[in-house]
Amino acid sequence: MTFIAEASAASTAAPAAFFAKWADMATWPEWNQDTEWVVLDGPFVQGATGTLKPKGGPKTKFVVTKLTDSEFIDTSKLLGARLIFAHKVVVEDGLTTVSVRITMEGPLRGLWNKILGGDLAKSVQTDVDALVAAAEAVLV
């Protein structure tokens with residue numbers, strides 16, 4: 001497995017606010033600067049499938065590979081590799097910390113990391129910060 005990037009931010013929003021944003025995949029482009037559009041094929045549950053279109057990239061199929069009260073993992077299928085986004089929420093001292101860890105696995109992960117890794121690493125903190133702002137905006 002190849003580590004690409006990780007980012008986190010603290011928020012006053014409850015974990016449910018983040019899961020609501022993650023579940024509403026059609027709105028991902030509002031807080032994820034690299035995403036043109038996302039379509040989820042059914043309800044937001046473990047095992048759900050969908051398609052996303054990164055800006056400047058080809059459509060990619062993904063699977064919700066894990067979904068618990070504190071974690072959401074989606075895995076995108078690439079030729080010879082899988083791109084994994086692990087989203088977590090932790091509540092401590094009244095604040096929610098949301099984090100995203102991006103990794104890649106598979107025999108062609110080195111090639112895909114050279115193609116995608118730099119841009120993902122540059123944008124992940126900005127995307128997490130925008131997600132926090134979107135989750136907190138629900139409180140207003």
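In the list A81, A5, which residue meets the criterion of being more than 26 Å from V138 (Cα to Cα), of a type outside the set (D, E), touching a residue at least 60 places away in the same chain (Cβ under 8 Å) and touching a Gly at 6+ places or on another chain (Cβ under 9 Å)? Don't jump to the end; show me each part of the working.
Values: A81 fails: touching a residue at least 60 places away in the same chain (Cβ under 8 Å).
One residue alone meets the criteria, A5.
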Can you pull out the residues in the range 121-135 that are open to solvent by 60 Å² or more (accessible area, probe 1.4 Å) and of a type in the set (D, E, K, R)?
K122, D129
Name every residue in the range 8-19 that is open to solvent by less than 30 Å² (accessible area, probe 1.4 Å) and either without any contact (Cβ under 8 Å) to a residue 12 or more places away in the chain or small (G, A, S) (or both), in order of residue number.
A9, S11, A13, A17
Assuming A135 fulfils every condition listed in (1) under 12 Å from the mean Cα position of the chain (by Cα); (2) assigned to a helix (DSSP H, G or I); (3) hydrophobic (A, V, I, L, M, F, W, C) apart from one, which condition is it?
(1)
Could we say that V45 is part of a strand (DSSP E or B), surrounded by fewer than 20 Cβ atoms within 10 Å (Cβ to Cβ) and more than 14 Å from the chain's Cα centre (by Cα) here?
no
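Looking only at the range 20-32, decide whether some residue is on the phi > 0 side of the Ramachandran plot and open to solvent by 30 Å² or more (accessible area, probe 1.4 Å).
Taking every residue of the range 20-32 in turn, none turns out to be on the phi > 0 side of the Ramachandran plot and open to solvent by 30 Å² or more (accessible area, probe 1.4 Å).
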Scan the range 51-70 and give yes if some residue there is modelled with pLDDT of 95 or more, over 16 Å from the mean Cα position of the chain (by Cα) and surrounded by 15 or more Cβ atoms within 10 Å (Cβ to Cβ), otherwise no.
no
Those residues of the range 3-35 which are modelled with pLDDT of 95 or more, in a strand (DSSP E or B) and closer than 16 Å to V124 by Cα, in sequence order
F3, I4, A5, E6, A7, S8, A9, A10
Tally up the residues in the range 51-81 that are outside any strand (DSSP E or B) and charged (D, E, K, R), please.
3
Within the range 102-120, is there a residue that is modelled with pLDDT under 95, crowded, with 18+ Cβ neighbours inside 10 Å and acidic (D, E)?
no
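The values are calculated or read from the model by the stated rules, or taken from the named source; none is laboratory data. Bear in mind the structure is a predicted one, so any value in this text is a computation, not a measurement. Positions of Cβ are generated from backbone atoms using ideal geometry, with glycine treated the same way; all protein chains shown enter the neighbour counts. Heavy atoms of the whole protein, side chains included, go into the accessibility calculation; ligands, DNA and RNA do not. Shrake-Rupley method; radii C 1.70, N 1.55, O 1.52, S 1.80 Å.
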